[in-house]
Amino acid sequence: MKALELAQQLRARFGDVLSAPLEFRGEITLEIADAERVPEICEFAKKELGFDYLVDITSIDNYGDDPRFTLVYHLYGYGHLQSLRLKASVSEEKAEAPTVIKVWRAADWHEREIYDMMGVRFRGHPDLRRILMWDGYPYFPLRKDFPLAGRPSDLPEVAFTEPAPLAGGPFVTISGGKDTISREPRVRIPETDALETNARLERRRDIKEAHGQAYGPGPIEPRKP
Amino acid sequence: MANVQDIQIKDAAARSAQLASDLSRAPAGGEELGDVTGEKMVLNMGPSHPSTHGVLRIVLELDGEIITKATPDIGYLHRGDEKIAENMTYTQFIPYTDRLDYLAPLANNVAYALAVEKLLGIDKQLPPRCQFIRVICCELARISAHLLGLGSFSMDVGALTVFLHTFTEREKIYNLCESLTGARFTTSYTRIGGLARDLPPGWVEQCRKFLKEVVVNIDETETLLTRNRIFVDRSQGVGVIPKDVAIDYGMTGPNLRGSGVEHDLRKTQPYLVYDQLQFDVPVGTAGDSYDRYLLRIEEMRQSVRILHQCLDKLPGGPVNVPDLKIVLPPKDRVLTRMEELIHHFINVTQGINAPPGEIYFGHENPKGELGFYINSKGGGTPYRLKIRSPSFVNLSVLPWLLRGHMISDIVAILGSFDFVMGECDR
């Protein structure tokens with residue numbers, strides 16, 4: 001049986017809320033006028049039409065349009081190997097739709113993700129928490145009015161407070177030093193220890209002159225607090 | 001649940017055994033388990049734990065050594081790939097697909113390119129050579145991902161040798177990737193409407209040599225594990241997922257087939273040239289961790305079979321569709337001809353002009369069905385791009401599955417699931 005026939009059967013049952021099947025690139029899409037009827041239609045699609053595998057649920061933010069959100073359900077049947085797409089719209093004021101978790105348990109995490117990313121709540125979901133962002137995060141990142149660069153939240157901006165490497169941090173050689181030792185960051189010591197450092201370098205130079213052979217940088221001493 | 005009988009059993013081992021048998025009679029999904037003995041403990045596993053293969057965190061509620069509740073906590077590797085995709089051209093997103101399932105970047109590249117090509121309506125017009133090379137890419141990626149999956153699975157249950165053994169072979173795949181794409185890990189090999197470059201000279205022979213060696217390695221790996229008493233005891237009958245549950249939770253890939261559902265997108269929704277190739281789809285019977293392991297071994301052999309056929313049949317000709325509005329024109333012509341210069345400029349600055357519409361394309365990745373849903377309003381960037389990642393969906397069964405298992409079974413179950421958090425968290 002082809003997906004189009006299955007869509008027609010679904011439409012014969014729920015003709016009052018389903019749009020005519022739309023075909024694009026061999027895929028059939030049906031629009032559901034009333035998001036409240038989604039579980040009922042899904043139940044029928046699963047039980048009677050054999051769509052036993054919920055591939056995915058996702059959401060679209062039609063920012064600036066009304067209704068603002070679209071939920072997209074992708075169904076597939078292992079018996080007939082056909083797929084079907086259902087779409088339902090949810091307004092911004094309501095931002096709520098009934099859950100389909102009773103039809104397919106796969107809906108659990110998909111619906112949590114939509115809630116997390118787009119802010120559409122699913123009524124009847126047993127555990128509607130954020131899934132990818134942390135609990136207490138105040139925004140819904142996949143909404144179109146959320147900027148790509150993100151917004152500040154209660155987490156610190158950066159994970160460390162040391163000077164950044166290019167701002168004099170620990171991994172950059174300083175140009176203009178007269179020898180490798182003074183340029184090399186691993187032997188660099190805070191300014192308070194400068195005298196000691198110089199004395200140490202003097203000693204090394206003395207040793208080198210006395211023995212007439214190259215003298216390596218020696219063991220690196222830990223930085224003093 | 002808390003009845004007198006449970007409390008009367010004094011010996012701790014007998015108590016756990018009693019609880020385990022209670023749980024196995026009424027497994028996951030049933031009523032909430034009460035605190036039978038008043039000694040429940042909450043244990044945090046991960047996000048940095050060797051057996052969580054990345055940054056999966058599971059909050060476990062334990063009664064002795066038995067898990068009474070498991071709550072996975074994901075998102076530690078969330079990078080907002082879908083948001084990023086909305087803000088760049090279709091071609092610019094290709095490198096991001098490397099970082100989804102980072103154990104099989106070539107397969108992700110192919111899946112994404114095919115999705116965009118489906119939107120453009122050119123997926124049936126790809127040159128044969130391009131299609132064969134893409135199949136080769138996918139199957140190499142499958143072998144690579146399964147080798148790592150097996151290696152880490154066996155390492156988690158105590159067989160370190162296997163990990164080193166399979167990594168030797170993966171190294172050769174990386175060398176092949178390097179000579180093919182210029183990068184060992186982040187391949188970014190496909191382009192919309194074709195490939196970044198053709199096969200380099202001598203690559204086919206190199207690949208044949210590898211195939212000869214990898215079958216030996218797979219056989220050796222099997223001798224290390226398949227009849228290994230410790231491995232069998234730790235994986236057989238552990239993490240059993242019945243067929244109906246696997247379907248209900250939307251599991252895909254080897255984890256679904258391990259439960260006995262014969263479904264492989266390469267067979268049921270053939271894309272590229274899979275309908276011209278001979279291969280079998282192995283299916284498990286018990287749905288336990290051991291079946292999932294056996295399945296991956298067999299899938300690698302089938303991949304080798306596919307690769308041999310592809311290398312034999314590999315046709316000549318171009319690797320890109322001849323439409324300069326989709327693929328970049330050759331550089332020498334860009335520098336000398338006006339029309340090609342314009343195409344190049346538009347392609348790079350505005351992206352490929354896709355028609356308005358929406359498509360979903362599911363690809364049989366090593367971990368399962370990697371799907372891309374693209375909603376286009378026309379122009380060079382997607383309005384919405386949703387990544388349906390197999391690891392995300394496969395992991396959603398964990399709260400159901402882990403209940404009633406011993407804590408040491410978690411590593412066997414997670415190992416046999418073979419998930420990747422880069423793909424799960426996106």
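The values are calculated or read from the model by the stated rules, or taken from the named source; none is laboratory data. Worth saying up front: this structure is predicted, and the values here are computed from it rather than measured. Note that we place each Cβ from the backbone using ideal geometry, even for glycine, and neighbour counts take in every protein chain shown.
Some points to look at:
- Per-region count, the stretch B:157-173, residues outside any loop (DSSP other than H, G, I, E, B) and farther than 13 Å from residue B:214 by Cα: 5
- In the stretch B:109-165, of all residues being over 24 Å from residue B:281 (Cβ atoms) and among the β-branched types (Val, Ile, Thr), the one that is farthest from the chain's Cα centre (by Cα) corresponds to B:122.
- Of the residues making up the stretch A:78-101, those that are free of Cβ contacts under 8 Å to residues at least 40 places away in the same chain and either under 23 Å from residue B:364 (Cα atoms) or of a type outside the set (Ser, Thr, Tyr) (or both) number 9.
- Scope the stretch A:87-112; condition of a type in the set (Asp, Glu) and either touching a Ser or Thr at 6+ places or on another chain (Cβ under 9 Å) or facing chain B (nearest Cβ under 9 Å) (or both); matching residues: A:108, A:111
- Residue within the stretch B:217-233 that is crowded, with 17+ Cβ neighbours inside 10 Å, more than 15 Å from residue B:157 (Cα to Cα) and of a type in the set (A, V, I, L, M, F, W, C) present: yes
- Annotation: of all residues in the stretch B:97-135 being at pLDDT 90 or above and aromatic (Phe, Trp, Tyr), the one that is surrounded by the most Cβ atoms within 10 Å (Cβ to Cβ) is B:112.
- Check on residue A:139, more than 8 Å from chain B (Cβ to nearest Cβ), within 24 Å of residue A:33 (Cα to Cα) and among the hydroxyl-bearing types (Ser, Thr, Tyr): no
- Any hit, the stretch B:347-366, residues being crowded, with 22+ Cβ neighbours inside 10 Å, of a type in the set (Gly, Ala, Ser) and in contact with a strand residue (DSSP E or B) (Cβ under 6 Å, 6 or more places away or on another chain): yes
- Residue A:28 within 14 Å of chain B (Cβ to nearest Cβ), in contact with a Pro (Cβ under 8 Å, 6 or more places away or on another chain) and of a type in the set (Val, Ile, Thr): yes
A quick yes/no check of all residues on (1) farther than 13 Å from residue A:72 by Cα; (2) assigned by TED's automatic domain parsing to the domain that holds residue A:99; (3) more than 33 Å from the chain's Cα centre (by Cα):
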residue: A:7; (1), (2), (3): yes, yes, yes
residue: A:21; (1), (2), (3): yes, yes, no
residue: A:30; (1), (2), (3): no, yes, no
residue: A:35; (1), (2), (3): no, yes, no
residue: A:43; (1), (2), (3): yes, yes, no
residue: A:46; (1), (2), (3): yes, yes, no
residue: A:49; (1), (2), (3): yes, yes, yes
residue: A:53; (1), (2), (3): yes, yes, no
residue: A:58; (1), (2), (3): no, yes, no
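- Test: residue B:97 is closer than 17 Å to residue B:391 by Cβ and away from chain A (no Cβ under 14 Å): yes
- In the stretch B:270-290, the residue that is farthest from the other protein chains (Cβ to nearest Cβ) out of those that are of a type in the set (S, T, N, Q) and part of a helix (DSSP H, G or I) is B:289.
- Looking only at the stretch B:369-393, and only at residues there that are part of a helix (DSSP H, G or I) and touching a Gly at 6+ places or on another chain (Cβ under 6 Å), the one that is surrounded by the fewest Cβ atoms within 10 Å (Cβ to Cβ): B:393
- Listed by position, the strands (runs of 3 or more DSSP E) enclosed by the stretch A:1-104 that each have at least 3 residues that are surrounded by fewer than 18 Cβ atoms within 10 Å (Cβ to Cβ) are A:22-24.
- Top-ranked residue in the stretch B:153-173 [being without any contact (Cβ under 8 Å) to a residue 24 or more places away in the chain and aromatic (Phe, Trp, Tyr); ranked as surrounded by the fewest Cβ atoms within 10 Å (Cβ to Cβ)]: B:167
- Any hit, the stretch B:400-415, residues being under 14 Å from residue B:100 (Cβ atoms) and more than 8 Å from every other protein chain (Cβ to nearest Cβ): no
- A single member of B:209, B:267 is in a helix (DSSP H, G or I), over 19 Å from residue B:418 (Cα atoms) and either over 23 Å from the mean Cα position of the chain (by Cα) or β-branched (Val, Ile, Thr) (or both), and it is B:209.
- On inspection, residue B:252 does not qualify as in contact with a Leu (Cβ under 6 Å, 6 or more places away or on another chain) and within 14 Å of chain A (Cβ to nearest Cβ).
- Among the residues of the stretch A:61-86, those identified as over 23 Å from the mean Cα position of the chain (by Cα), among the charged types (D, E, K, R) and more than 9 Å from chain B (Cβ to nearest Cβ) are A:65, A:66.
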